[in-house]
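Structure first, commentary second.
The values are calculated or read from the model by the stated rules, or taken from the named source; none is laboratory data. Keep in mind that this is a model prediction, so the values were computed, not measured. Backbone-built Cβ (ideal geometry, glycine too); neighbour counts: all protein chains shown.
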Amino acid sequence: MNKITILHLCEHFGDKQVSFHGVSRLFELWIPAFDKSRFRVLLCSRKGPSELADQRLKAAGIAPLYLGYGKMDPRNLFKLIALMRREKVDVLHAHGYGACTWGRIAGILLRKPVIVHEHCNYGTVPVFQRPVEWVLGHFTRHAYAVSESTRQFTIEKRYIPADKVETIYSGIPLDQIRQAEPGWVQSFRREQGRKPDDKILGVVGRLESHKGHLDAFKALQLILKERSDVFLWVLGNGRYEETLLQWVKDNALTDRITFLGYRSDVVKVIQCLDVQLFPSHQEGTPSTLFEGMAVGNVCVASTADGQGEILRDGEDALLFEPGDIAALARLTLKVLADPYQARRLRLGALSRIKNFDMKRCLEVMERKYEGLTSTPPSSTVVP
């Protein structure tokens, strides 16, 4: 039996500002987990190499490929077509605007099935991209969205027919989650200058304006009016870092907010937190949320997009409307003051996460790949 060759094509794996973004993390987990007896899975970035991303991907047994051109450069198409022919690609699975643009055109020309995978509800599509989406959306036959909210965005803003878009929650590989040793947790907290009774909040993810870090900082200001034992850790990097650092300095919170940067051991570090905050204004289904639930963290989260679909208020998290800083502060104070509720939320998260094992996502994709290659190719021509 010949293996089915799948090519995952994305925009990039990381850059100087974002060391290793969330979708790259998915590739790191997905690709080694596909059934190697049935599938040969390749990974390609439209942009060039990223040192840290390359190291992580290669450590996972993935040899990344690159097109190496700008988003609008037509050489992407020619190099992609050559790559697909050389590697005998059966299915192209595309992530990101540039990747989906050139990928769909290549799929039409080569008469190969293409899957568009949308990872966030961005609310709108860049003006220059809209005509492209309108044309290619009508020729898109297969699409995934990481949440129902993202699915609606894909239908309404990327013009892909509703019956072609399937919601598929990415989840995480639960069998890979490890509990940190209590001694390590205590030691790490101590290394960061925290006392045993200090309460530590945490925000994990790319440092982008829509991730809501400033909301968390402003909520901390309100929290500190009620109690003096609370601190905030920020994990991740990104283009918004300088703005956040300056805000912390201007508001005299440098002794309260610690930037830990990018951490490859993030699943261990978040187990040092008393409460994990998810203040995003715009989101898909972040791996950081699944990881927080999987280690049994107390989660206080906005209802942005997929977060509001996954979490259940009062059962496995406390929820607030995106941008409601007062509610974020109030709910955080509430759970810090009530260890019994904190325990209920921890147990609820550990129970709820069982519905989001990454194995389910992989099984859905594998069935799709097999279905797409078991039927004759479409006779669609370039519009």
### Message
Condition first: of a type in the set (S, T, N, Q), modelled with pLDDT under 95 and more than 22 Å from the chain's Cα centre (by Cα). Can you find one or more residues in region 338-360 that meet it?
### Response
no
### Query
Considering region 210-228 alone, what residues qualify as being of a type in the set (D, E) and either closer than 19 Å to P322 by Cβ or crowded, with 23+ Cβ neighbours inside 10 Å (or both)?
D215
#### Entry: Index of the failed condition, C272 passing every other in (1) over 20 Å from Y169 (Cα atoms); (2) more than 22 Å from the chain's Cα centre (by Cα)
(2)
### Query
Counting only residues that are part of a helix (DSSP H, G or I) and of a type in the set (K, R), which one in region 65-121 is surrounded by the fewest Cβ atoms within 10 Å (Cβ to Cβ)?
R86
### Query
Does T303 fit the bill of being in contact with a strand residue (DSSP E or B) (Cβ under 6 Å, 6 or more places away or on another chain), under 30 Å from E166 (Cβ atoms), outside the structural domain of R25 (by TED's automatic domain parsing) and modelled with pLDDT under 95?
no
### Task
Please work out if V146 is touching a Ser or Thr at 6+ places or on another chain (Cβ under 6 Å) and either closer than 25 Å to L109 by Cβ or aliphatic (A, V, I, L, M) (or both).
yes
### Message
Yes or no: region 128-151 includes at least one residue that is touching a residue at least 12 places away in the same chain (Cβ under 8 Å), surrounded by 16 or more Cβ atoms within 10 Å (Cβ to Cβ), in contact with a Leu (Cβ under 9 Å, 6 or more places away or on another chain) and of a type in the set (V, I, T).
### Response
no
### Message
Test of understanding: among E363, E309, which residue is in contact (Cβ under 8 Å) with a residue 60 or more places away in the chain, acidic (D, E), part of a helix (DSSP H, G or I) and surrounded by fewer than 20 Cβ atoms within 10 Å (Cβ to Cβ)?
### Response
E309
### Query
Could you say which residue among Y240, Y159 is under 25 Å from S24 (Cα atoms), under 25 Å from the mean Cα position of the chain (by Cα) and hydroxyl-bearing (S, T, Y)?
Y240
